[in-house]
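Enquirer: What follows is a structure written as structure tokens; I'll ask about it next.
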Amino acid sequence: MFSDSIKFPLKFADFVCAKISLLLIICIAFACNVCMARKQNRDIIDSLVRDLPNVKSDSQKIKNINTITVLYNSIDPAEGLKFAKQGVELSDKMGMKKTMAFSYNVIATNYETQCDYPNALLYFKKALALNQEGNFTEDIGVSKEYIGNVLTDECDFPNALRYYFDVVKISQKSNDNYNLARNYGNIAVIYDAIGDYTHAYNYNKRSLDMQAQFTDNYSKAIILLNLANVFYDDNKLDSAVIYCNKALNIFEDLGDKYGKSNALCNLAAIYKNLKNYSKAEEYADKSLEITSGIPGYRKSLYNALGNKGEIFLAMASDNQSAKANITKSIELLNKGVAGCREINDKLGVIEFSKYLAEAYKKEGNINKSLEYFEMYVDLKDSVFSPYVVKEIANIENSQNNIVAIKQFEIFNKSNNTKKSIIYTLFALVLILLGTLTYFILRNQRK
């Protein structure tokens with residue numbers, strides 16, 4: 001299994017939302033992109049916590065509390081929540097709606113890291129309500145993007161798509177190409193999940209093309225990895241290897257462990273399908289080494305465990321130490337299924353229960369095989385029902401009209417500007433010719 005396509009949640013959208021202070025922006029970038037070692041994060045947290053009683057300004061105290069909460073996201077999200085709620089109380093006391101909305105976003109992100117999607121959705125919606133109340137247009141778009149991400153995690157693809165298209169419209173209206181590119185990438189994740197690889201490729205490619213105008217290599221790496229995902233799902237494995245390695249190189253340059261672990265997990269899946277099992281195991285082990293024991297990586301960890309189980313199953317199917325590899329496969333796939341069920345990762349459960357059913361069948365345990373095959377079919381039918389596919393098609397058709405009209409307006413505006421320039425130049429030429437003719441005629445009279 002390929003690890004989930006990476007969306008642009010708070011972890012990757014900090015540059016838009018975190019405007020409270022330069023310190024907070026830097027801390028979020030380090031904490032949420034996992035570009036700082038956990039020990040360094042802990043040192044900063046300890047320092048900020050010790051200093052809190054000495055901070056006289058409530059606004060500065062809120063900034064420090066939000067910084068602590070964000071840094072806890074990759075270490076101990078549950079502990080971070082205790083501080084985040086202090087930030088909300090102080091913001092409410094001071095009547096700072098924008099800051100309070102940010103604190104709600106921070107709380108929601110810590111819930112999302114723990115895969116507590118109902119609470120994540122609750123607090124992201126609280127942030128959205130405050131941003132709408134204050135008419136903070138850009139932050140409204142950010143909140144809607146985060147809500148779309150949680151809905152994607154819950155496999156509510158139609159509603160996630162609606163939120164993403166809302167952000168597209170907001171970004172188009174404000175000429176915000178950065179967020180427009182990011183949300184094209186989010187939309188691509190939806191289409192890849194439902195198996196519409198043409199739309200998934202087109203939206204990812206559009207996002208990648210737009211990313212060229214920015215220096216944000218992190219976002220570029222995400223899109224490259226998601227393109228690799230599309231190629232893998234579409235069985236274009238050579239292209240998947242190329243794009244996955246491009247993403248991996250960027251994540252390594254950035255020192256980003258979360259992105260690196262996903263890229264390694266994906267390379268393991270590609271090489272499994274290419275039947276290069278030694279490389280598949282090597283990449284799977286590297287991914288597991290990164291994700292083991294870090295609370296914020298639970299989803300990646302369970303995907304990596306199930307992924308390695310699939311590798312052993314593929315080896316058994318090729319008659320490579322069949323009995324031993326089936327046993328290993330069942331053990332790892334069970335861990336993958338159990339973990340994904342614990343965090344409500346429906347796509348993970350669908351994937352691993354399917355292969356676990358196959359592994360039990362090869363072992364000769366028919367009852368277990370039927371149990372997991374039934375789990376696979378029931379969940380798959382609920383997530384990818386005909387209603388879901390039809391609803392997404394309806395949304396796309398209506399949004400196509402909106403986007404087409406907007407693009408036409410932009411095109412017309414561009415053309416009108418060009419026409420104005422041409423008309424102006426033509427008028428200047430006429431004036432010059434008229435002036436020149438006047439002087440020639442006047443000289444002839446003399």
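Enquirer: From the set of residues in region 246-303 that are outside any helix (DSSP H, G or I) and at negative phi, which is nearest to the chain's Cα centre (by Cα)?
Expert: Going residue by residue through region 246-303, those that are outside any helix (DSSP H, G or I) are 255-256, 274-276, 292-294.
Narrowing further to those that are at negative phi: 256, 274, 276, 292, 294.
Values: ASP256: 14, LEU274: 27, ASN276: 29, SER292: 21, ILE294: 19 Å.
Here the answer is ASP256.
Enquirer: Also, I was wondering about something else. Hey, among TYR164, TYR201, which residue is in contact with a helix residue (DSSP H, G or I) (Cβ under 8 Å, 6 or more places away or on another chain), surrounded by fewer than 21 Cβ atoms within 10 Å (Cβ to Cβ), part of a helix (DSSP H, G or I) and of a type outside the set (Asp, Glu)?
Expert: Numbers: TYR164 fails: surrounded by fewer than 21 Cβ atoms within 10 Å (Cβ to Cβ).
On inspection, the qualifying residue turns out to be TYR201.
Enquirer: Hey, among GLU252, GLU289, which residue is free of Cβ contacts under 8 Å to residues at least 12 places away in the same chain, in contact with a helix residue (DSSP H, G or I) (Cβ under 8 Å, 6 or more places away or on another chain) and of a type outside the set (Ser, Thr, Tyr)?
Expert: Details: GLU289 fails: in contact with a helix residue (DSSP H, G or I) (Cβ under 8 Å, 6 or more places away or on another chain).
Unique residue meeting the criteria: GLU252.
Quick grid of which residues meet (1) surrounded by 14 or more Cβ atoms within 10 Å (Cβ to Cβ); (2) more than 18 Å from CYS115 (Cα to Cα); (3) not hydrophobic (A, V, I, L, M, F, W, C):
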| position | (1), (2), (3) |
| --- | --- |
| GLN320 | no, yes, yes |
| VAL337 | yes, no, no |
| ARG341 | yes, no, yes |
| SER353 | yes, yes, yes |
| LEU370 | no, yes, no |
| LEU379 | yes, yes, no |
| VAL388 | yes, yes, no |
| ILE395 | yes, yes, no |
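Enquirer: Further question: Could you check LYS97 against (1) among the charged types (D, E, K, R); (2) surrounded by 15 or more Cβ atoms within 10 Å (Cβ to Cβ); (3) at pLDDT below 80 and say which number it fails?
Expert: For LYS97, the failing item is (3).
Enquirer: Still on this structure, please answer the following. Please count how many residues of region 134-156 are of a type in the set (Asp, Glu) and either touching a Gly at 6+ places or on another chain (Cβ under 8 Å) or not in a loop (DSSP other than H, G, I, E, B) (or both).
Expert: The initial filter retains those residues of region 134-156 that are of a type in the set (Asp, Glu), namely 138-139, 145, 153-154, 156.
Narrowing the set further to residues that are either touching a Gly at 6+ places or on another chain (Cβ under 8 Å) or not in a loop (DSSP other than H, G, I, E, B) (or both) leaves 138-139, 145, 153.
Summing the residues that are of a type in the set (Asp, Glu) and either touching a Gly at 6+ places or on another chain (Cβ under 8 Å) or not in a loop (DSSP other than H, G, I, E, B) (or both) in region 134-156 gives 4.
Enquirer: Testing ALA127 on (1) under 30 Å from SER385 (Cα atoms); (2) crowded, with 24+ Cβ neighbours inside 10 Å, one condition comes back false. Which one is that?
Expert: Among (1) under 30 Å from SER385 (Cα atoms); (2) crowded, with 24+ Cβ neighbours inside 10 Å, the lone unmet condition for ALA127 is (1).
Enquirer: List every residue pair whose Cβ atoms lie under 7 Å apart, where the two residues are 6 or more positions apart in sequence or sit on different chains, the first residue falls within region 125-151 and is without any contact (Cβ under 8 Å) to a residue 40 or more places away in the chain, and the second residue, located anywhere, is outside any helix (DSSP H, G or I).
Expert: Pairs that qualify, where the first residue is without any contact (Cβ under 8 Å) to a residue 40 or more places away in the chain and the partner is outside any helix (DSSP H, G or I), are THR137/SER174.
Enquirer: Regarding ASP196, is this residue closer than 22 Å to CYS340 by Cα and surrounded by 17 or more Cβ atoms within 10 Å (Cβ to Cβ)?
Expert: Numbers: closer than 22 Å to CYS340 by Cα: no; surrounded by 17 or more Cβ atoms within 10 Å (Cβ to Cβ): yes.
So ASP196 fails the test.
Enquirer: A further question follows. What residue, among those in region 113-129 that are more than 18 Å from the chain's Cα centre (by Cα) and of a type in the set (Gly, Ala, Ser), is nearest to SER300 (Cα to Cα)?
Expert: Only one residue fits best here, namely ALA127.
Enquirer: Among the numbered conditions (1) of a type in the set (A, V, I, L, M); (2) at pLDDT 95 or above; (3) surrounded by 16 or more Cβ atoms within 10 Å (Cβ to Cβ), tell me where ILE366 comes up short.
Expert: Here ILE366 clears every test but (3).
The values are calculated or read from the model by the stated rules, or taken from the named source; none is laboratory data. Note that the structure is predicted; figures quoted are calculated from it, not measured. Every residue, glycine among them, receives a Cβ derived from its backbone with ideal geometry; neighbour counts consider all protein chains shown.
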